[in-house]
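Okay, structure first, notes after.
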Amino acid sequence: MTYFDCVVIGGGAAGLMCAAQAGLRGRSVTVLDHANKVGKKILMSGGGRCNFTNYYVEPSNYLSNNPHFCKSALSRYTQYDFLELVNRHGLAYHEKTLGQLFCDNKAKDILNILLAECDNAGVRIATECSIHKVKALPAETPTTNTPRYTLETSQGDIQCHSLVVASGGLSIPTMGATGFGYDLAKQFGLRITPRLASLVPFTFKGDLLATAQNLAGVALPVNIESQNQTFSEALLFTHKGISGPAVLQISNYWLPEQTITINFLPNADLAQQIATWQQEGHKAELKNLLSRILPKRFVTEWLTINSATKELADKTVAQLSNINIEQLVSHLQKWQCIPAGTEGYKTAEVTLGGVNTDDVSSKTFEAKKVPGLFFVGEVLDVTGWLGGFNFQWAWASGYCAAQFV
Ligand code: FDA
């Protein structure tokens, strides 16, 4: 029987960080991952450049049933701690927008840093390792190396003092995502909050789908609102509906059957703009004037999908009544719809919900009623906004748990 002080299930962002830090504390550590290589989501993240953290991390950037849970870890291991690590390894990176930090070269640079840290800390990494069963051993008076768990794996049985579940969420099953962590949590009596695919594009159906398809590829800045939460970022029409950063952000807050409101002219007062055009005596058709402030393809298509605005496209601004102007403002700046759904876990960046944080210590990440069992990263009910916040949660939770395993 092989023994490690700490077994980490899942070699993703949180698991590798936790393993390296526990190893540095002198703990014997192994990472077990069923995939053929570790860190696959790191490699595909940020369009291949990994948006590994954000300059402006705040607890308010995270959703959870208990919004206070993330505060302690985020303050004990900050974005600047992670920057210290990547600077020490000479990583070249840049801020793209809104504090989002990306690798200059490839996401692989981040994975290589974590692997180098694991190597330096003597961490053993086993890939293609399936975990068949986890059993708690009868409670003894524990020392720091009393075995407390036995794992039956495809590579033999392993015992450990601390078991860290870092198996992530359900998004992108083709990259190795499974519900393993939730099942293990349930096995040991922890509760799970409802889970949903999140940071995910919306799908449309019927006429709206046809409109989106006609506009596929058009991107424009918007304000998007749902559940009293607003984001100001880009929206992209797709062959299935809408996507882009604004849409992914609001998907964290949207629930099925709820309305979203979009302002396609977030930086303009359209009524005022039309009044100015009227005063200037423009003779051009409305559609041509609107094409000065919106993508032409969008204007042509968008005005035709609403019976009220359809007839206005070819009019001059002088021909618009106050009611017409209100109709235009409503259609372009307060447009509402109920998405048919989302693209689901196939394309979602994260899983909303997860292991109930009320059952886990925010200091140690140990299950409150199950000594030696820890949960870190996305498997927990903590979900960040788009922009490097989810990786920062993985680093922070992994680091903090490592101090107690
Ligand atoms: P993660 O999913 O990284 O790792 C879990 C590990 O557990 C995997 O290696 C998996 O193989 C393993 N595993 C699962 N089930 C197992 C089982 N039964 N047995 C053994 N091993 C098992 N975030 C961000 O901040 N910036 C970004 O740029 C992006 N970009 C991005 C792009 C895309 C396409 C996706 C899908 C996601 C992102 N994210 C992101 C989100 C980010 O990738 C995610 O939040 C973290 O990877 C979560 O880290 P974890 O370590 O918790 O899980």
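The set of residues in the stretch 359-405 that are of a type in the set (G, A, S) and either assigned to a helix (DSSP H, G or I) or within 9 Å of the ligand (Cβ to nearest atom) (or both) comprises G377, G384, G387, G388, A394, A396, S397, G398, A401, A402.
Is there a residue in the stretch 38-49 that is more than 6 Å from the ligand (Cβ to nearest atom), farther than 25 Å from H94 by Cα and outside any helix (DSSP H, G or I)? So far as the stretch 38-49 goes, no, none of its residues is more than 6 Å from the ligand (Cβ to nearest atom), farther than 25 Å from H94 by Cα and outside any helix (DSSP H, G or I). Exactly one residue out of A246, A271 is at pLDDT 95 or above, aliphatic (A, V, I, L, M) and closer than 17 Å to V200 by Cα: that is A246. Take the stretch 298-329 and flag every residue that is farther than 18 Å from L220 by Cβ, among the polar types (S, T, N, Q) and in a helix (DSSP H, G or I). Correct list: S307, Q319, N322, N324, Q327. Would you pick out the residues in the stretch 341-358 that are more than 11 Å from the ligand (Cβ to nearest atom), among the charged types (D, E, K, R) and under 21 Å from the mean Cα position of the chain (by Cα)? Across the stretch 341-358, the qualifying residue is only E343.
With respect to V200, is the statement that it is under 21 Å from D5 (Cβ atoms), touching a residue at least 40 places away in the same chain (Cβ under 8 Å) and of a type in the set (V, I, T) true? Considered against the rule, which asks whether it is under 21 Å from D5 (Cβ atoms), touching a residue at least 40 places away in the same chain (Cβ under 8 Å) and of a type in the set (V, I, T), V200 comes out as no. Flag set for A73, criterion: in contact with a helix residue (DSSP H, G or I) (Cβ under 8 Å, 6 or more places away or on another chain) and away from the ligand (no atom under 12 Å from the Cβ).
Within the bounds of the stretch 77-90, is there any residue that is within 13 Å of the ligand (Cβ to nearest atom) and over 15 Å from G387 (Cβ atoms)? No, there is no match, as no residue in the stretch 77-90 is within 13 Å of the ligand (Cβ to nearest atom) and over 15 Å from G387 (Cβ atoms).
Taking the criterion of being of a type in the set (V, I, T) and more than 14 Å from the ligand (Cβ to nearest atom), the residues of the stretch 102-138 that qualify are I113, V123. L199 falls short on exactly one of the conditions (1) on the phi < 0 side of the Ramachandran plot; (2) within 13 Å of the ligand (Cβ to nearest atom), and that condition is (1).
Entry remark, the stretch 273-293: residues being closer than 15 Å to L303 by Cβ and in a helix (DSSP H, G or I) number 6 in total.
Name the single residue, out of those in the stretch 139-175 being within 26 Å of R25 (Cα to Cα) and of a type in the set (A, V, I, L, M, F, W, C), that is nearest to the ligand (Cβ to nearest atom). Per the stated criteria, the residue is A166. Flag: Q272 does not match the condition of being surrounded by fewer than 12 Cβ atoms within 10 Å (Cβ to Cβ) and within 12 Å of E225 (Cα to Cα). When T304 is tested against (1) under 30 Å from R195 (Cα atoms); (2) among the β-branched types (V, I, T); (3) free of Cβ contacts under 8 Å to residues at least 12 places away in the same chain, only condition (1) is not met. Could you tell me which residue of the stretch 176-195 is surrounded by the most Cβ atoms within 10 Å (Cβ to Cβ), considering only residues that are small (G, A, S) and near the ligand (Cβ under 9 Å from one of its atoms)? Result: G181.
The values are calculated or read from the model by the stated rules, or taken from the named source; none is laboratory data. Computed from a predicted structure; not experimentally measured. Every residue, glycine as well, gets a Cβ built from its backbone with ideal geometry; the counts of neighbours run over all protein chains shown.
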